[in-house]
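Colleague: What follows is a single structure, and I will ask about it in a moment.
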Amino acid sequence: MKKADLKSLDLAALWRGLTRPDPAGHDRVVPPTGFTAQLTVFSAGAMAFLAVFALALALATGRLAERWSSELAQTVTVRVSAPEDQIDRQTATVMEVLKTTPGIAEARQLPGDEVEKLLEPWFGPDIPVEALPVPRLIEVTEAAEGFDAEALRLRLQGEAPGAVLDDHTRWREPLVSAANRLRVLGLVSLLLIAAASAAMITLAAKAAMAANGQVIRVLRLIGARDITIATAFVRRFTRRAATGAAGGTVLGMAAVWALPSVDQAGGFLTGLGFQGWGWLWPLLIPALAAAIGFAATRWAALKILREVR
């Protein structure tokens, strides 16, 4: 392969050959069937299917982290644990303290049925809350300006010794951190899927070109330029990658859509899936797969055409 031909084998020339029709039938240089075609389509489809789930995981955990961070940061809980003859009086005292504390928008004592729902995952339905030593729970909503949590703790210790202020920091931060790490894991998975797709397409393209080494030599003898040969391989493998990825994306989106909702799953899946405009993100996967196929096949063509004499 001459240096001039190597210089002409650039992205612009390959892209023009990829997007223009092929009336001369140059694509017939690439075998239309066989294991390379099947491998390219299958690997692109499988990787696109996995990419849909990785993208869904990244988006869902991102929403989860934002929801936990915003909602739990604005609410705190006061637990009142005291002897039976004092718990009503201390609960009333705590309510008065909260009403007169600057920065608190609302204080509400949770009724028995709501406490029962909170305990249901651990104790099952129909819990006799009144027969259990369950503390009184008061939900506090923080105002925009916020309040002094340490000063409120000291005041509660003096006026209601059985009251404990819980601002959820102890368990909110690990949950948000875990959700953010899951989002990073989803993004890293997308990168690994792209790398694996590029490797598979490169191997398939190199195998196809190596198997047609004799055809490439004959084409050179009759005057075919290396850019024409490379364009034929790039065009065919890019289309195979895009076709396989489109099928895998459709199957992946259908599988995500078929997942149970948060209510049906009991909150376990935490809304894994796409919401609203988020359903448009997976549509980029076939385009990205085509770009990966384009780059991988171009690299393989450069390498093989240098070796075939």
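Colleague: What are the pairs, 6+ residues apart or on separate chains, where a residue within the stretch 135-158 that is farther than 11 Å from residue 97 by Cβ and open to solvent by 30 Å² or more (accessible area, probe 1.4 Å) has its Cβ under 6 Å from a residue that is hydroxyl-bearing (Ser, Thr, Tyr) and in a loop (DSSP other than H, G, I, E, B)?
Modeller: Between residues of the stretch 135-158 that are farther than 11 Å from residue 97 by Cβ and open to solvent by 30 Å² or more (accessible area, probe 1.4 Å) and residues that are hydroxyl-bearing (Ser, Thr, Tyr) and in a loop (DSSP other than H, G, I, E, B), the close pairs are 135/81; 147/101.
Colleague: Ok, one more. Out of everything in the stretch 227-268 that is open to solvent by less than 30 Å² (accessible area, probe 1.4 Å) and aromatic (Phe, Trp, Tyr), what residue ends up being modelled with the lowest pLDDT?
Modeller: 233
Colleague: Given the criterion at pLDDT 75 or above and under 17 Å from the mean Cα position of the chain (by Cα), identify the matching residue among 61, 40.
Modeller: 61
Colleague: Evaluate the following for residue 45: is it more than 30 Å from residue 167 (Cβ to Cβ), out of contact with any Pro (no Cβ under 7 Å at 6 or more places or on another chain), open to solvent by less than 70 Å² (accessible area, probe 1.4 Å) and modelled with pLDDT of 85 or more?
Modeller: In short, yes.
Colleague: Let me ask you something else. Any residue in the stretch 232-247 that's in contact (Cβ under 8 Å) with a residue 24 or more places away in the chain: show its pairings with residues that are open to solvent by less than 10 Å² (accessible area, probe 1.4 Å) and outside any helix (DSSP H, G or I) at Cβ separation under 9 Å, as long as the two are six or more apart or on different chains.
Modeller: 232/30; 233/30; 235/30; 236/30; 237/30
Colleague: Something else about it: Could you list all residues from the stretch 269-284 that are within 13 Å of the chain's Cα centre (by Cα) and modelled with pLDDT of 80 or more?
Modeller: Once the filter is applied, which keeps residues that are within 13 Å of the chain's Cα centre (by Cα) and modelled with pLDDT of 80 or more, the stretch 269-284 yields 274, 275, 278, 279, 281, 282.
Colleague: Cβ-Cβ under 8 Å, sequence separation 6+ or interchain: first residue in the stretch 196-211 and of a type in the set (Lys, Arg), partner assigned to a helix (DSSP H, G or I) and crowded, with 20+ Cβ neighbours inside 10 Å. Which pairs?
Modeller: 206/300; 206/304
Colleague: May I ask you to list the residues in the stretch 211-226 that are more than 15 Å from residue 307 (Cβ to Cβ), assigned to a helix (DSSP H, G or I) and either of a type in the set (D, E, K, R) or modelled with pLDDT under 75 (or both)?
Modeller: Within the stretch 211-226, just 219 meets the criteria.
The values are calculated or read from the model by the stated rules, or taken from the named source; none is laboratory data. Being a predicted model, the structure only gives us computed values, none of them experimental. So basically every Cβ, Gly included, is an ideal-geometry build from the backbone, and we count neighbours across all protein chains shown. Only protein heavy atoms, including side chains, enter the accessible area calculation; ligands, DNA and RNA are left aside. Shrake-Rupley method; radii C 1.70, N 1.55, O 1.52, S 1.80 Å.
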